[in-house]
Amino acid sequence: MKRKRVGLAIMVVLVTLLVALPTLVGCARKEEGADRVIKIGVLADFTGVAGYAMKPTIQATEDYLAKVLPKTDPLKGVKVEFTHFNTELDYSKTVPGYLELKGRGVDMMLIPNAQDVELIGDRLAKDSMPVVSSMGLQSKLASEWSLSTVSTVQSQGEAAMLFIKDQWEKDGKSGPIKVGHLGYTLTSTDYYQQGIDLVRNKYPDKFTWAGLERGMLGNVAWGSEVIRLKSCDYIIVSVAGPMLSSFVSAARSGGYTGAFVTGMEGFAGFFGLVREAMKGSPEKLYGCYYVAWWPWWNEDVPFIQECLDYIDTYAAGQADALLESSAVISGLGVGKVLEAGIRTAIKNVGAENIDGAALKDGLRAIDMEVEGFGDVWKVTPTNNCLSWSQRAFEWNVTESQWVPKPTYYVPTLSKPAD
């Protein structure tokens with residue numbers, strides 16, 4: 001009797017499986033026909049010195065690929081997902097973070113900080129891991145597996161010095177310009193200094209050098225540095241976040257009457273902190289400049305309109321802060337580069353066949369013009385930075401806005417020949 005019951009039970013199970021089999025096969029077929037998920041690992045400082053500007057920048061990039069494109073012009077056959085590792089701007093976490101993201105099965109990476117890419121080194125080629133950065137580096141210009149949306153740290157130091165020389169002459173001033181540099185105890189400051197020195201060496205009679213002052217990461221007390229740089233006509237500042245805002249405040253309080261010049265990771269991303277630090281005396285924010293590649297919020301170009309539309313649709317509650325910052329401008333720029341690389345990979349091999357090599361080839365095929373930028377975005381065998389030409393932006397105290405200067409500076413001393 002027990003044997004008959006067992007046999008009957010087995011028969012019931014078999015019949016159930018046979019009935020369900022077509023449905024199960026249908027499910028499998030649906031999974032096979034689903035979009036190819038491209039997973040992008042983000043290795044960035046989300047909570048450290050650069051976190052204030054980095055978080056909205058990365059958010060804009062992710063929203064562009066995960067929300068904007070699917071509604072407007074989808075990547076056919078592809079879905080993009082992101083996964084993060086927070087470096088806290090601690091270089092000891094760079095390689096472990098890279099290995100962690102690789103272990104999560106990412107297809108490519110977004111690594112904004114150029115020094116992080118340099119530390120990862122030849123692992124990219126060995127792992128067939130394409131990387132997009134939002135800042136280039138001289139040592140990686142010929143790297144086949146990395147690409148940067150903008151030019152090198154060195155180029156910013158060079159562009160800042162070219163602007164200072166030009167502005168001095170336009171102001172009708174004579175004699176050498178006294179320039180100093182405030183930076184970190186980080187390699188990025190060394191790279192800025194290399195660009196500065198390229199111009200100093202080319203025009204030795206145009207500049208008097210006040211020296212390089214370096215602050216420990218996180219430092220916000222600048223007494224001795226202000227004293228040593230106080231006589232400068234221009235101070236190039238390559239620190240970020242609260243380090244930047246506290247230095248500007250301390251310098252003005254200490255009687256500094258000259259100008260400040262930063263690169264993109266300075267005033268462009270952190271001027272909200274600077275204004276907060278100087279809210280009792282906003283008139284002292286005269287003489288604030290930064291150099292960068294992009295158009296600004298008050299310029300009538302389609303790319304800026306896209307950025308404004310993004311804020312209206314996805315970040316209206318943060319509009320005031322975002323319109324003070326380059327975060328969305330930079331973030332959507334990175335998003336467009338990632339989109340272009342993925343689209344070309346889909347075209348070349350089909351969505352289902354995309355791998356690291358296909359994504360790398362797609363990125364290296366980029367050749368596009370975005371109105372408001374000074375260059376056509378294009379990769380060459382010796383130059384994987386898409387945009388080099390930079391303008392200066394000046395803070396207008398009366399109107400409380402950044403005003404772009406008309407002249408583009410091409411950093412030819414750091415840019416490789418075409």
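The values are calculated or read from the model by the stated rules, or taken from the named source; none is laboratory data. No experiment lies behind these values; they were computed from the predicted model shown. Positions of Cβ are backbone-derived with ideal geometry, glycine not excepted, and every protein chain shown enters the neighbour counts.
No other residue among GLY362, GLY374 is without any contact (Cβ under 8 Å) to a residue 24 or more places away in the chain and of a type outside the set (Phe, Trp, Tyr) apart from GLY362.
Just one of (1) farther than 18 Å from ALA159 by Cα; (2) in a strand (DSSP E or B) fails for PHE393. It is (1). So LYS39 fits all but one of (1) under 20 Å from the mean Cα position of the chain (by Cα); (2) in the same structural domain as ASN348 (by TED's automatic domain parsing); what number is the exception? Of everything listed in (1) under 20 Å from the mean Cα position of the chain (by Cα); (2) in the same structural domain as ASN348 (by TED's automatic domain parsing), LYS39 misses just condition (2). Here is a check on your reading of the model: is LEU285 more than 13 Å from TRP395 (Cα to Cα) and of a type outside the set (Lys, Arg)? So LEU285 fails the test. Consider GLY350 carefully, then state whether it is of a type in the set (Gly, Ala, Ser), surrounded by fewer than 17 Cβ atoms within 10 Å (Cβ to Cβ) and more than 30 Å from SER246 (Cα to Cα). Against the criterion (of a type in the set (Gly, Ala, Ser), surrounded by fewer than 17 Cβ atoms within 10 Å (Cβ to Cβ) and more than 30 Å from SER246 (Cα to Cα)), GLY350 qualifies. Only one of the numbered conditions (1) closer than 18 Å to GLU158 by Cβ; (2) under 25 Å from the mean Cα position of the chain (by Cα) is not met by TYR234, and that is (2). Please verify whether segment 355-371 includes one or more residues that are among the small types (Gly, Ala, Ser) and under 18 Å from the mean Cα position of the chain (by Cα). Looking for residues that are among the small types (Gly, Ala, Ser) and under 18 Å from the mean Cα position of the chain (by Cα), one finds none in segment 355-371, hence no. Among the residues of segment 239-272, the one identified as of a type in the set (D, E, K, R) and within 19 Å of the chain's Cα centre (by Cα) is GLU265.
Screening the candidates ARG391, ARG343 for the property of being more than 26 Å from GLY77 (Cβ to Cβ) and either surrounded by 13 or more Cβ atoms within 10 Å (Cβ to Cβ) or not assigned by TED's automatic domain parsing to the domain that holds GLY195 (or both) yields one hit, ARG391.
For segment 193-217, the set of residues classified as more than 24 Å from LYS170 (Cα to Cα) and touching a Leu at 6+ places or on another chain (Cβ under 9 Å) consists of GLN193, GLY211, LEU212, GLU213, ARG214, GLY215, LEU217, listed by residue number. Considering (1) outside the structural domain of TYR286 (by TED's automatic domain parsing); (2) assigned to a strand (DSSP E or B), the lone condition that PRO411 does not fulfil carries the number (2). Selection of segment 285-325 for residues being in a loop (DSSP other than H, G, I, E, B) and in contact with a strand residue (DSSP E or B) (Cβ under 7 Å, 6 or more places away or on another chain) yields GLY287, TRP293, TRP296, ASN298, GLU299. Kindly check whether there is at least one residue in segment 282-294 that is more than 20 Å from the chain's Cα centre (by Cα) and among the basic types (Lys, Arg). For segment 282-294, residues more than 20 Å from the chain's Cα centre (by Cα) and among the basic types (Lys, Arg): present. Exactly one residue out of MET135, MET109 is within 21 Å of the chain's Cα centre (by Cα) and at pLDDT 95 or above: that is MET109.
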